[in-house]
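Undergrad: A single structure is presented below for examination.
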Amino acid sequence: MKIEKEAEQILEKFSEALKDIPDLEETHYMVDNVNLTRDDIAEAKDPERIMRNAHTDEDGNIIAEKGKWVK
């Protein structure tokens, strides 16, 4: 079969190419920052600053676009 012969040729060429790659020792890294976590700190929220950018009506209600997924 043609495909099997081609596959064998590819594997043989690949094996020959791997022979030229030198064997290397594994590299190990000693790092102190493994699995570091940080404390969750909430930032101060300024409702007035948030409301400055919001579109509101006469009563102070926020006007937002209706979601396209809502019927």
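Undergrad: Which pairs turn up if I take residues in the stretch 50-71 that are of a type in the set (Ser, Thr, Tyr) and look for partners that are at pLDDT 85 or above and surrounded by fewer than 10 Cβ atoms within 10 Å (Cβ to Cβ) with beta carbon separation below 9 Å, at least 6 apart in sequence or on another chain?
TA: Thr56/Ile63
Undergrad: Can you spot a residue in the stretch 37-47 that is modelled with pLDDT of 85 or more, more than 31 Å from the chain's Cα centre (by Cα) and not in a loop (DSSP other than H, G, I, E, B)?
TA: Checked against the condition, which is being modelled with pLDDT of 85 or more, more than 31 Å from the chain's Cα centre (by Cα) and not in a loop (DSSP other than H, G, I, E, B), the stretch 37-47 yields no hits at all.
Undergrad: Any idea how many residues of the stretch 22-61 are surrounded by 10 or more Cβ atoms within 10 Å (Cβ to Cβ) and β-branched (Val, Ile, Thr)?
TA: Result for the stretch 22-61: 2.
The values are calculated or read from the model by the stated rules, or taken from the named source; none is laboratory data. Please read all numbers here as calculations on a predicted model, not as lab measurements. Note that each Cβ is placed from the backbone with ideal geometry, even for glycine, and that neighbours are counted across all protein chains shown.
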